[in-house]
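What follows is a single structure, written as structure tokens, with notes after it.
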Amino acid sequence: MELDDRAEDLASDLGVDKEEVKADLQNLVEYSVPIDEAVQSLRRKYGDGSSGGGGTPSSKDIAEITPDDSNVTVTGVVLTAGKRSIRYQGSDHVIVEGRLADETGVIDYTAWEDFGLSSGETITAGNAGVREWDGEPELNLGESTSLSFLEKSLEVPHEIGGDAQLADLQTGDRAVTIEVSVLECERKTIDGRDGETDILSGVVGDESGRLPFTNWDPAPEIEEGGSVRIENAYVQEFRGVPEVNVSEFSTVTALGRGIDVGSDTATMDIGEAVATGGVYDVEVVGNLLAVRDGSGLIQRCPECYRVIQKGQCRTHGDVDGIDDMRVKAILDDGTGAVTVVLDDELTERVYGGTLEDALEQAREAMDQEVVADRIRERIVGREYRVRGHLSVDEYGANLDAETFEESDDDPAARATAFLEEVDA
Ligand SMILES: [Zn+2]
């Protein structure tokens, strides 16, 4: 286990008790401090002045920095600078994250100290730490970094500021600015780290697409039907899809005009969609190969609403189940496959009857499988166009369907249309 190894190395380097170092390390990592930064901060705490490299690191162009560098000195323009609060060692800590560019390239950075960074400024960061994230180098600006602001600004071939379209946002993006229409918004009370707190959650849209959002510190400007400009938001994955996070450090301004929300959903090959790791709003077309077990009539726990087996909920034990219907079906387009999940309404449509009809059919047959069988007969082997939220996890890819339509451009129809054109 990595943490254990790192603690052991560190303890022997510094000549201190391993358990003590490990507890400190665990604490930092639990509060999302990257392990390399946690190790460096413990080196400082236990008084190792060397900070890893020794000597002044050489100046480097951004394009030349690799994850193998331990420390570098770099000059660049701050493209974005977004504040975010994390908590470690029991107290809140404000970090600044963003992107830094020079003529050769762009690199992500995290500042663990308040250097007063803001976008558009040209800086030299002396002795900046380098860590690897997802195979790419990133800069850590911390206590051992000397930071200076240059009067002469550097010209870089990149746009300054974080203006973005929703379709371009990816998990991990920081300090983004968006102008969106609030399509759905509800207030929820959650059990936060400081007790019960209110948040807003919903869906925002612009011309390029739609994404879910959470507003951790409810802004009065965010209300259903309104349009807002949000500065300094960040993107984090939630339930397998990217989500816009609006925090206490974000600036929300009501716009005096509407934002058009595009009706075009991105249509992708299934393989391509799955490779993104999760898309909030996507459309795929494929052949329905099979209806999986657990489809048709199901029962849910009245407490947690999860699917139960033989009257048993995994959490709540013996319960009086609530009848419901759903379909889990495998859709394949040759590039990949997803499990399409249909809710009760869509399931009633493909079944061709209501929940009551399904219960009646099952009672007569004295077998609830007859419902799933009838759905199988009606949809397996056909081509469907499905729009919804795609999430990908270790068990595979699930597409929660919002719409489920038999595809009009099925191969036979296309062939007929082609022949007619040729004949004409
Ligand atoms: Zn339950």
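Quick rundown of the values:
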quantity	calculated
Any chance residue 249 is in contact (Cβ under 8 Å) with a residue 40 or more places away in the chain, of a type outside the set (Val, Ile, Thr) and surrounded by 14 or more Cβ atoms within 10 Å (Cβ to Cβ)	yes
Count of residues meeting criterion [out of contact with any helix residue (DSSP H, G or I) (no Cβ under 7 Å at 6 or more places or on another chain) and either closer than 15 Å to residue 332 by Cα or among the polar types (S, T, N, Q) (or both)] in region 355-399	12
Checklist (1) at pLDDT 95 or above; (2) over 17 Å from residue 267 (Cβ atoms) applied to residue 383, failing item	(2)
Condition check for residue 344: more than 16 Å from the ligand (Cβ to nearest atom), modelled with pLDDT under 90 and surrounded by fewer than 17 Cβ atoms within 10 Å (Cβ to Cβ)	no
Residue count, region 298-335 (criterion: near the ligand (Cβ under 10 Å from one of its atoms), surrounded by fewer than 17 Cβ atoms within 10 Å (Cβ to Cβ) and within 22 Å of residue 395 (Cβ to Cβ))	7
Tabulated pairs, region 305-322, first free of Cβ contacts under 8 Å to residues at least 60 places away in the same chain and of a type in the set (Val, Ile, Thr), second more than 10 Å from the ligand (Cβ to nearest atom) and not in a loop (DSSP other than H, G, I, E, B), C-beta under 7 angstrom, 6+ apart or interchain	307/298; 308/299; 322/299
Those residues of region 163-199 which are modelled with pLDDT of 95 or more and crowded, with 21+ Cβ neighbours inside 10 Å, in sequence order	178, 180, 182
Scan of region 265-297 for residues that are over 19 Å from the mean Cα position of the chain (by Cα), among the hydroxyl-bearing types (Ser, Thr, Tyr) and buried (at least 18 other Cβ atoms within 10 Å of the Cβ), ordered by number	295
Meets criteria (among the aliphatic types (A, V, I, L, M) and within 17 Å of residue 398 (Cα to Cα)) for residue 273	yes
Answer from 32, 70, 58 - the residue that is of a type in the set (Gly, Ala, Ser), at pLDDT below 90, surrounded by fewer than 18 Cβ atoms within 10 Å (Cβ to Cβ) and closer than 30 Å to residue 233 by Cβ	32
Residue 285 vs. criteria at pLDDT 95 or above, farther than 30 Å from residue 333 by Cα and either assigned to a strand (DSSP E or B) or within 16 Å of the ligand (Cβ to nearest atom) (or both)	no
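The values are calculated or read from the model by the stated rules, or taken from the named source; none is laboratory data. Remember, it's a predicted structure, so these values are computed and weren't measured experimentally. Positions of Cβ are backbone-derived with ideal geometry, glycine not excepted, and every protein chain shown enters the neighbour counts.
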